[in-house]
Amino acid sequence: MKFGELIKDLRIAKELTLRQCCLELNVDPSNWSKMERGITPPPKDVKLLGGWAKFFNLAGDPKREFLDLAALARQEIPEDMASDETVIAALPAFFRAVRGHELEGERLLQFIEDLRVVHSPNKANAR
């Protein structure tokens, strides 16, 4: 799902028109509409986005997904991932794999181990 689709779904789930939602959030309706349609990227202001997440009752993983989708809509790596050296080191291998240049041998094993570390709460806390 894209950020624009998510905010539209969240707005509709609250049974708000676009204008009602914008009035509540103090956002220009034209700009919000453009975000919903994916024409304009969401703002970079994490505090502002956090306020929107709170308005839509998002916490924990749903809030993280909301913030991640906002970053991706701006064509950015989410801030917590961009500051993780293991993730940054694994990105070139990931990009090659996505582009069809398969990883082999030791590089594949290292990439898999890096992913495990990133996604394992026990190992991530040990770093």
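Quick notes
- Failed condition for Met1, given (1) surrounded by fewer than 15 Cβ atoms within 10 Å (Cβ to Cβ); (2) without any contact (Cβ under 8 Å) to a residue 40 or more places away in the chain: (2)
- For the stretch 70-94, residues that are closer than 21 Å to Met1 by Cα and either over 19 Å from the mean Cα position of the chain (by Cα) or at pLDDT below 80 (or both) total 1.
- When the stretch 26-57 is filtered for residues that are touching a Gly at 6+ places or on another chain (Cβ under 9 Å), assigned to a helix (DSSP H, G or I) and surrounded by 15 or more Cβ atoms within 10 Å (Cβ to Cβ), the ones remaining, listed by number, are Met35, Glu36.
- So Glu76, is it surrounded by fewer than 13 Cβ atoms within 10 Å (Cβ to Cβ), more than 24 Å from Glu15 (Cβ to Cβ) and of a type outside the set (A, V, I, L, M, F, W, C): no
- Selection status of Leu23, surrounded by 16 or more Cβ atoms within 10 Å (Cβ to Cβ) and more than 12 Å from Gly4 (Cα to Cα): no
- When the stretch 58-68 is filtered for residues that are open to solvent by 40 Å² or more (accessible area, probe 1.4 Å) and either outside any helix (DSSP H, G or I) or in contact with a Lys or Arg (Cβ under 7 Å, 6 or more places away or on another chain) (or both), only Ala59 remains.
- Residue under evaluation Lys8, criteria (1) modelled with pLDDT of 95 or more; (2) open to solvent by less than 80 Å² (accessible area, probe 1.4 Å); (3) touching an Asp or Glu at 6+ places or on another chain (Cβ under 6 Å), criterion not met: (2)
- Positions within the stretch 1-58 being of a type in the set (Gly, Ala, Ser) and at negative phi, in sequence order: Gly4, Ala13, Ser30, Ser33, Gly50, Gly51, Ala53
- Close pairs (7 angstrom Cβ cut-off, 6 or more residues apart or separate chains): within 23 Å of Gln20 (Cα to Cα) in the stretch 49-76, outside any helix (DSSP H, G or I) and of a type in the set (Phe, Trp, Tyr) anywhere: none
The values are calculated or read from the model by the stated rules, or taken from the named source; none is laboratory data. Worth saying up front: this structure is predicted, and the values here are computed from it rather than measured. A quick note on method: Cβ atoms are made from the backbone with ideal geometry, for glycine too, and the neighbour counts reach across all protein chains shown. Ligands, DNA and RNA are stripped out before the accessible areas are found, and what is left, the full protein with its side chains, is counted by its heavy atoms. Shrake-Rupley method; radii C 1.70, N 1.55, O 1.52, S 1.80 Å.
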